[in-house]
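Beneath this line is the structure, given in structure tokens, with notes to follow.
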């Protein structure tokens, strides 16, 4: 294990300090099975089927909140000792669990002395759960996502080590594809090869559903693999990411099974050059918007401005894609210890690709590359 109990305790302590200094009595960190980052950040618990929360109040020890079925699972996994079960965190099919006597929000708020609460994971917080909370008279609810970002935006040495390991395992997933890929294999089949290689080499899971998007599917910015068979002379776009102790890194690569049309080669090269620029420009102290504008202008000057969707980078950590995005509208400066995915996605009407690799902003000089295997024009 890279992360220690001491580090998780320190996170909860720092969050408690933020609660004490921001005029609220507690924060409720909410997470789902597919977006587990907040809860796992504090507890190392990753919900399955159910949702979960971590309650951090001004004075009490933190509590993990789970649904009716996860008690034994949570007890085996959570680094937070106090575990509370609530009906609101049950699985989405909403079983009744007749005979269960679990506490209500009113019970919890009374126990912890909560009169004002902030919620993180605010934009995915269930409407029905919110109704039950705001139904308690005199308890205002606020969006506390900004508070949590203060803790998560700059990574500790242990967190960076998790990302380094995840990136190297992701490279092994791509290496396995390069060794196996042939015309006629399906997108799903190729994703299975990458996933198997990562799990066999130390990943606890894929960081997200791995995808292969080929031919006319390659212009999809986010996607899922299909049973389409890959062919020669088309872009086959891979996004492959491993999860290590909750931390997800990714690599994105286009591949062409030769021969490669010159228009495709030229298109991929502009994206690769822009991606390489990102690692040099992302330096501590640089205005994020300035970096984004320089890279976008590079692409525009080469005649591909119409292919840009976002980026050229986004934060990474407990989620492969987390706050902040590096955009032409960004208002922050880069700081040492920030971690990003340099993510150059470009798409025409009938083809597209992603060049993606993790990076760490250093105190001096260009960013540290978390991965670079196969960051070249891959024509096989």
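Points worth noting:
- Being within 23 Å of residue 159 (Cβ to Cβ) and in contact with a helix residue (DSSP H, G or I) (Cβ under 8 Å, 6 or more places away or on another chain) is a property that holds for residue 210.
- Selected residue (only one of 61, 15 is touching a strand residue (DSSP E or B) at 6+ places or on another chain (Cβ under 9 Å), assigned by TED's automatic domain parsing to the domain that holds residue 119, surrounded by 14 or more Cβ atoms within 10 Å (Cβ to Cβ) and modelled with pLDDT of 95 or more): 15
- Residue within the range 306-319 that is over 22 Å from the mean Cα position of the chain (by Cα) and at pLDDT 95 or above present: yes
- Residues that are in contact with a strand residue (DSSP E or B) (Cβ under 6 Å, 6 or more places away or on another chain) and free of Cβ contacts under 8 Å to residues at least 40 places away in the same chain within the range 18-44 comprise 39, 42, 43, listed in sequence order.
- Summed over the range 325-341, residues that are under 15 Å from residue 284 (Cα atoms) and in a strand (DSSP E or B) total 5.
- Hey, residue 235 surrounded by 23 or more Cβ atoms within 10 Å (Cβ to Cβ), under 23 Å from residue 317 (Cβ atoms) and either touching a helix residue (DSSP H, G or I) at 6+ places or on another chain (Cβ under 6 Å) or at pLDDT below 95 (or both) or not: no
- Every residue from the range 5-35 that is farther than 18 Å from residue 146 by Cβ and more than 21 Å from the chain's Cα centre (by Cα): 5, 6, 9, 10, 13
- Residue 80 meets each of the listed conditions (1) surrounded by fewer than 24 Cβ atoms within 10 Å (Cβ to Cβ); (2) touching a residue at least 40 places away in the same chain (Cβ under 8 Å); (3) part of a strand (DSSP E or B) apart from (3).
- Among the candidates 39, 54, residue that is surrounded by 14 or more Cβ atoms within 10 Å (Cβ to Cβ), touching a helix residue (DSSP H, G or I) at 6+ places or on another chain (Cβ under 8 Å) and closer than 19 Å to residue 9 by Cβ: 54
- Considering only residues in the range 350-362 that are touching a helix residue (DSSP H, G or I) at 6+ places or on another chain (Cβ under 7 Å) and in a loop (DSSP other than H, G, I, E, B), the one that is farthest from residue 158 (Cα to Cα) turns out to be 350.
- Number of residues in the range 314-337 that are surrounded by 17 or more Cβ atoms within 10 Å (Cβ to Cβ), in contact with a helix residue (DSSP H, G or I) (Cβ under 6 Å, 6 or more places away or on another chain) and under 23 Å from residue 220 (Cα atoms): the value is 4.
The values are calculated or read from the model by the stated rules, or taken from the named source; none is laboratory data. Please read all numbers here as calculations on a predicted model, not as lab measurements. With ideal geometry, Cβ positions are generated from the backbone for all residues, glycine too; neighbour counts draw on all protein chains shown.
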